[in-house]
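Presented below is the structure to which this report refers.
The numbers here are math on the coordinates, done by the rules we state, and not lab data. Treat the numbers as computed from the prediction; the structure is a model and nothing was measured. Cβ placement follows ideal geometry from the backbone for every residue including glycine, while neighbour counts extend to all protein chains displayed.
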Amino acid sequence: MNQSLRFLIVILPILILIFFTRVLLIDEDTQLATFEAKNFPTFELDDLNGRPVQSESLGGIKLINVWASWCITCLVEHPFLTELSENNVGIIGLNYKDSDTKANAWLQKHGNPYLFSIYDPRGDLAFDLGVTGAPESYLLINNKVVGHIQGEMNQIKWENIFLPLIQKAQQR
Amino acid sequence: MGEYLSTPNSESSAKIMAIKRFFTVIYFFIFSSFAFTQIVYEFENSLQEKRFYSLISEIRCPKCTSGSIASSDAPVSRDLKNKVYQLILEGSTDDEIKQYVSERFGTFSDYRPSLSGSNYFLWFGPFIFLAILFLIFFSKRRI
Amino acid sequence: MIGEISHLLSLSAVLLLTLVLIFNLFFSFNKSHPNQLTLSMRLFNQSCWLVFISFGIYLYLAISDDFSIAYIASHSNSQLPIFYKITSIWSAHEGSMFLWIVFLIAWSYLFLNSLNKNHPLKKLTLLMLSLIILGFLLFLLLTSNPFERILPFGAIEGADINPVLQDPALAIHPPMLYLGYVGFVISFSFITAYLLNGNFELQWEQDIKNWSLVAWIFLTIGITLGSWWAYYELGWGGYWFWDPVENVALMPWLAATAFMHSLFASSKSDVLKTWTMFLGILIFALSLFGAFIVRSGIIDSVHSFANDPERGLYLLSFSGSITLLALTIFAYRLPALNSSKLVVSGSKESFLSMNNILMITSIFSIFLGVTYPLIIESIYGDKVSIGPPYYNTIFSPLILIAAAFIMISIDALWQRSMPLRTFFITTVPPTLLSLLSIYIVWRLTGIFSILAFIGILSGLLIIFSYLFKTIKNLSKKKYINKGSAVAHIGLGLLFFAVSMNSILSYEKNLNLAPGQTISVNESVQEFHFKDIRVLKASNHDVISAEVSLLHDGREISLNPQKRKYATRGQITSESAIHASVLKDTYLTIGDQLENGSWTFSLKINYFIKWIWLSAALMVFGMLLTIFKKKAL
């Protein structure tokens, strides 16, 4: 009894140390927390040009990007999004709690990397999607949300989190 | 007042009617300006109110590093509070509300881990630990 | 230039400490040559003074606005009052680590020099402390250097520190906490030295007793200050959230409390020595764990310093090594330590032993709660959140068991079982009175909550049993252990107040335009939003609301504010609190809506003052114990 107690007193801290070392060494940006794939929420909204959005336009592989004219960090990720769109990545904007006039003006001024933008002034679709703020991005594959990134989109996150998911889907 | 409004039979009566209408409009403005002096999150009974404040303290703020939506002023927290309020009024149970939130914001958003699977160890672990220590103490009586 | 002198002094201290260690390694552990020890102590003392002077210079640099030092430039500002220039030093990682180390050195310096030069454990303790200090100094200088310069010219002006940090309570909270945490390095090192030394005839408890009691007081004050600050500053009326950083401060506190009680038993009665030693090591180990958690950033918390894996790895490996060293020596010596004495069931020792078990279980529960999300995420990838619902549920029964044992053990005897008659006399009156009180609370409030009622019962059991005991002893003119009575009544009061607060407090969210009045409920008969003004202060703009309330017949004026700070554009909310004996009226202003009205959050928090009082009672009780004329 005593022997096992002595053993335990030394082994437990060692196990704890090993565990925390492992946790420390996993880099936040590259960690792939299992994301529960879910269906894209149903919605009835127009795009920024006033035309109703058809659910077919969300098919295939699409990047949903939550943005707004009042969002400062969105400007930071904008060049990367433009780069992605020029490389044939379909990006659909989700204009979050914004006015359509200001949103359109923003796109005019900074450029429009989006195929189109869903106009969600009250944030209803965003709420159903689980959006916590702007900017935020989701990966949509065949109408299923398979990936989620909080904060600005950048090269590292794209390559480590979304790209593997896309590649996995394309292999099937 | 009704008889004056319904039978205008002279110019003075028409004037009186105009004045009455004027005051009706004034009263309307005064009372509607009281319409927003209200208790936000007003419930049908105190049980609902208690449930509300209890629920929002158990739902995690999706945007903050830590903390419940009750203690957060973030826009998404406010939206969540309003939604919880709405759902309570619509008659959803606490579990249904938490389920609703989890579907959208992940299991991360419930500060009360469910009693399932590996969580059994979480909830019962401390008491098992206590029992084991007590047993060792009683058997050894040397510690 | 002066910054470099300060830097150099700290580096020299590293050198000297290394010398101390190497010097002693060339001699065998057990032979103690008087000159060796004298020389080592001299080197050690000199290195301590080097760091003290280094820190003193650093203080000067902060006060004199030397913005060529990167840390001072990013955390201070020439417009700050001198007090806040000083406190800005420990407002972030590098500086607070520096302070932590200074305190570590201060405790070590005072303790070692208080030991008689012939004390058999002096050398080993010196070596242990030198090793720990050296490790942390290296950590500071290698990974978190507060002396880094901005070259070649330095910053013209410092960045304003977070306005939220310009607060007296928040400024003193870290130093108090650190004094508490690092104070237990004394028990850690001394006990390890004792175990290494191997002579188990030596008495060691007396040497570290008062040092540990003082450290406990600082730790208690530090935690309470943090809680109090969070209550009046953060705006949501809560005082404890079971946030990971709060938890890692609570764990050493629980271990320290257990240690103190166990020390009492082992010095009086020769039992529980092994428990006491283990606890004495555990406290500092938990402090190290806390430092690691907070400074590595691996756990999400509002309190964490920046995420830095390199620092995390160093802290983890260093803390882990020291802890393993101590625990391995402990495990190695365990067979030799076991006394042949059995603990008698129902004796005071057995209750103290059970107290240790309960405390260890509490620590385990908190540790489990803190690490569980990490464990689940690394195995399953799921994200789980653990917060008040978990901790409140787990602690409720634990607290009740603890309260029951505290009550029963008041009249327990050393080395003898408690007679059944004594058991009934001690437990029946307080239990009946407590149950009656709960019934009264239930009828008066109409509220029923199992968890809270368990808490109230626990608190009352402790309070009533100590009151009964005190009155009985007063009437019989018997000895009263005042310190113990005051501290335990404080603990009971804490359980009582926290539980009452949880069932009685409520919140109302309101929406009014300036000039309007509303009746909220029977208690808050009138809420009159008088006026809202925009003012200008030295470094911020203020939106100030004037509200007058008619609360339970009393007129209360409240003045909640919102501030926008010039330098960083930060917006903070200053809640207005009216604290009366039974409850706090707590008002926070929200946002302005499109129609010009404002939202308010009104919280009525019950028994808050009693929570602060309970902490004060516990500290006061401990002070009475320290300054008792009779030796323990």
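Using all alpha carbons of the protein assembly as shown, what is the percent of pairwise distances in each 10 Å bin, ordered from the shortest bin to the longest?
Calculated P(r), rounded to whole percents: 2, 10, 17, 21, 20, 15, 8, 4, 1, 1, 0, 0, 0.
Please state the relative contact order of the range A:29-171 as a whole percent: Cα pairs under 8 Å, 6+ residues apart? Before the final figure, lay out the partial values.
Working: 239 pairs, mean separation 49.6, N = 143.
In percent, rounded to a whole number, it is 35.
Treating cross-link reach as a plain straight distance, find the aspartates and glutamates whose alpha-carbon is under 12 Å from the alpha-carbon of B:LYS98, omitting any fewer than eight places away in the same chain.
Partners within reach: B:GLU58, B:ASP110.
For chain C, what mean projected area does the convex hull of the alpha carbons give, in nm²?
Values: hull surface 130.7 nm².
Convex hull of Cα atoms, orientation-averaged projection: 32.7 nm².
For a quick check, take a GNM of chain A with Cα springs below 10 Å and name the residue from A:PRO41, A:PRO13, A:PRO121 with the largest mean-square fluctuation.
Among A:PRO41, A:PRO13, A:PRO121, the largest mean-square fluctuation in the Gaussian network model of chain A belongs to A:PRO13.
Would you mind computing, in nm to one decimal, how far apart the modelled labels at C:ASP270 and C:VAL581 are, each placed 7 Å from Cα along Cα→Cβ?
Placing both labels 7 Å along Cα→Cβ, they lie 5.2 nm apart.
When we measure straight from the Cα of C:LYS472, which aspartates and glutamates land under 13 angstrom away, once same-chain ones fewer than 8 places off are left out?
C:ASP411
For the range A:79-126, what class follows from the C-alpha gyration tensor (a ≥ b ≥ c being the square roots of its eigenvalues): rounded when a/c is under 1.5, otherwise prolate if a/b is larger than b/c, else oblate?
Oblate shape, in that a/c is at least 1.5 and b/c is the bigger or equal ratio.
Would you please give the FRET efficiency between C:ARG416 and A:SER55, computed as 1/(1 + (r/R0)^6) with r the Cβ-Cβ distance and R0 = 56 Å, to the nearest 0.05?
On the way: r = 81 Å, r/R0 = 1.44.
Given R0 = 56 Å and the Cβ-Cβ separation, E is 0.10.
Quick one: Karplus J couplings for the range C:329-336, per residue in order, coefficients 6.51, -1.76, 1.60, θ = phi - 60°, nearest Hz, x for Gly and Pro?
Per-residue couplings from phi come out as 4, 4, 5, 4, 7, 3, x, 5 Hz.
Using only the Cα atoms, what convex hull volume per residue in Å³ does the range C:387-504 have?
Hull volume normalised by residue count: 117 Å³.
Largest first, please: the extent of the C-alpha atoms of the range B:68-143 along each principal axis, to the nearest Å.
59, 24, 20
Counting Lys and Arg as +1 and Asp and Glu as -1, what is the net charge of the other residues whose Cβ lies under 15 Å from the Cβ of C:GLY320?
So the surrounding residues net to +3.
For the range C:505-518, what does the Karplus curve 6.51 cos²θ - 1.76 cosθ + 1.60, with θ = phi - 60°, yield as ³J(HN,Hα) per residue in whole Hz, taken in order and with x for Gly and Pro?
Karplus values, whole Hz, x for Gly and Pro: 5, 8, 10, 9, 9, 10, 9, 9, 9, x, x, 8, 10, 9.
May I have the pair-distance distribution P(r) for the range C:1-166, computed from all Cα-Cα distances with 10 Å bins from 0 and rounded to whole percent?
Using 10 Å bins, I get a P(r) of 10, 37, 27, 16, 8, 2 for the range C:1-166.
Once you average over the residues of C:373-385, how many Cβ atoms of partner chains fall within 10 Å of each Cβ?
6
Separation between the C:ILE450 and B:TRP123 pseudo-spin-labels, each 7 Å from Cα along Cα→Cβ, expressed in nm?
So the label points at C:ILE450 and B:TRP123 sit 1.0 nm apart.
How big is D for the range C:229-287, in µm² s⁻¹ as a whole number, if Stokes-Einstein is applied with the Kirkwood radius of its Cα pairs at 20 °C and 1.002 mPa s?
In µm²/s, the coefficient rounds to 164.
Compute the long axis of helix A:100-110 from its Cα atoms, compare it with the longest principal axis of the Cα atoms of chain A, and write down the angle in degrees, 0 to 90, nearest 10.
Taking the Cα atoms of chain A, the angle to A:100-110 is about 80 degrees.
Please give the contour-minus-distance gain from C:TYR479 to C:ILE626: 0.36 nm per residue of separation, less the Cα-Cα distance, rounded to one decimal in nm.
51.2 nm is the gain from fully extending C:TYR479 to C:ILE626.
To the nearest 0.05, what FRET efficiency results for C:ILE438 and C:ASN392 with a Förster distance of 25 Å applied to their C-beta separation?
0.90
Quote the relative contact order of chain C in percent (integer), defining contacts as alpha-carbon pairs under 8 Å separated by 6+ residues.
10
If R0 is 35 Å, what FRET efficiency do you get for A:LEU45 and C:LYS609 from their C-beta distance, rounded to 0.05?
Computed FRET efficiency for A:LEU45 and C:LYS609: 0.10.
For C:PRO389, what charge total do you get from the other residues with a beta carbon under 10 Å from its beta carbon, if Lys and Arg give +1 and Asp and Glu give -1?
On the way: positive: B:ARG112; negative: B:GLU58, B:ASP110.
That sum, taken over residues with Cβ under 10 Å, equals -1.
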